[in-house]
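Presented below is the structure to which this report refers.
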Amino acid sequence: MARLLVNAPEIQRINSAITAAELLVKFRLSPADMVLLSVRTRPDVLADTIRTLTSIRPATRIILFGAPEFTPLAIKAIGEGAAGFLACEASSTTRTSESAAMPHPRTTSETGADLSRREMEVLRGISMGKTNGEIGSDLDLAEDTIKTHAQRLFRKLSATDRAHAVVQGMRRKLID
């Protein structure tokens, strides 16, 4: 991840750590605005790390990253204080011009709108960790149609990504 971000605009400093303990030592010495944290760790260590980081500097944005199959763990970690989850395949982190691995926040002026029945179905699929293709297959809709519904529900929920949409849906009691 550090290699991917080294040339990103507005990034002033990049540091890395192998273990959670090493991360916390470095963070205490020099707190950061953002921490990218792998989800591929024991759930208890992940939760403790997130809680400790946010207790040291509450304004720090913690972005989790990992393979899509870690989405359920990431959702729990978001409940502990992480800001979002970046699902990426292991091979995508080795490409030098990877744009899919970078989060792309969406802006919106539309907030709090009710979700349509289809948007709710797409949100449920997302919450189960399904891809757009899998959701489309379940609902007998084209993948592009699912993408459109997902974009609309992201706007309505003021969500920046799939995990954030799920968290927003849970907070609003739209999904369990």
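Which members of segment 146-171 meet the condition of being among the β-branched types (Val, Ile, Thr) and out of contact with any helix residue (DSSP H, G or I) (no Cβ under 7 Å at 6 or more places or on another chain)? Across segment 146-171, the qualifying residues are 148, 160.
Taken over segment 143-156, the criterion of being free of Cβ contacts under 8 Å to residues at least 24 places away in the same chain and in contact with a Ser or Thr (Cβ under 9 Å, 6 or more places away or on another chain) is satisfied by 143 alone.
On the basis of being among the small types (Gly, Ala, Ser), modelled with pLDDT under 90 and not in a loop (DSSP other than H, G, I, E, B), does residue 133 make the cut? Answer is no for this residue. Checked against (1) crowded, with 17+ Cβ neighbours inside 10 Å; (2) out of contact with any Gly (no Cβ under 6 Å at 6 or more places or on another chain); (3) of a type in the set (A, V, I, L, M, F, W, C); (4) modelled with pLDDT under 90, residue 113 meets all criteria but (1). Can you tell me which residues in segment 157-176 are in contact (Cβ under 8 Å) with a residue 60 or more places away in the chain and outside any helix (DSSP H, G or I)? Correct list: 160, 161. Looking across segment 20-31 at every residue that is surrounded by fewer than 18 Cβ atoms within 10 Å (Cβ to Cβ) and touching a Leu at 6+ places or on another chain (Cβ under 9 Å), the one that is farthest from residue 160 (Cα to Cα) is identified as 24.
Per-residue answers, yes or no, for (1) aromatic (Phe, Trp, Tyr); (2) at pLDDT 85 or above; (3) touching a helix residue (DSSP H, G or I) at 6+ places or on another chain (Cβ under 6 Å):
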position	(1), (2), (3)
74	no, yes, yes
82	no, yes, yes
97	no, no, no
105	no, no, no
118	no, yes, yes
124	no, yes, no
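Hey, any hits in segment 41-48 for a residue that's in contact with a helix residue (DSSP H, G or I) (Cβ under 8 Å, 6 or more places away or on another chain), surrounded by 12 or more Cβ atoms within 10 Å (Cβ to Cβ), modelled with pLDDT under 85 and of a type in the set (Ser, Thr, Tyr)? Looking for residues that are in contact with a helix residue (DSSP H, G or I) (Cβ under 8 Å, 6 or more places away or on another chain), surrounded by 12 or more Cβ atoms within 10 Å (Cβ to Cβ), modelled with pLDDT under 85 and of a type in the set (Ser, Thr, Tyr), one finds at least one in segment 41-48, hence yes. Close Cβ contacts (under 7 Å, 6 or more residues apart or on different chains) running from residues in segment 74-86 that are in contact (Cβ under 8 Å) with a residue 24 or more places away in the chain and over 13 Å from residue 39 (Cα atoms) to residues that are part of a loop (DSSP other than H, G, I, E, B) and not small (Gly, Ala, Ser) are absent. For the criterion of being outside the structural domain of residue 77 (by TED's automatic domain parsing) and exposed (fewer than 14 other Cβ atoms within 10 Å of the Cβ), residue 142 passes.
The values are calculated or read from the model by the stated rules, or taken from the named source; none is laboratory data. Source: prediction; values computed, not measured. Neighbour counts run over all protein chains shown; Cβ positions are idealised from the backbone, glycine included.
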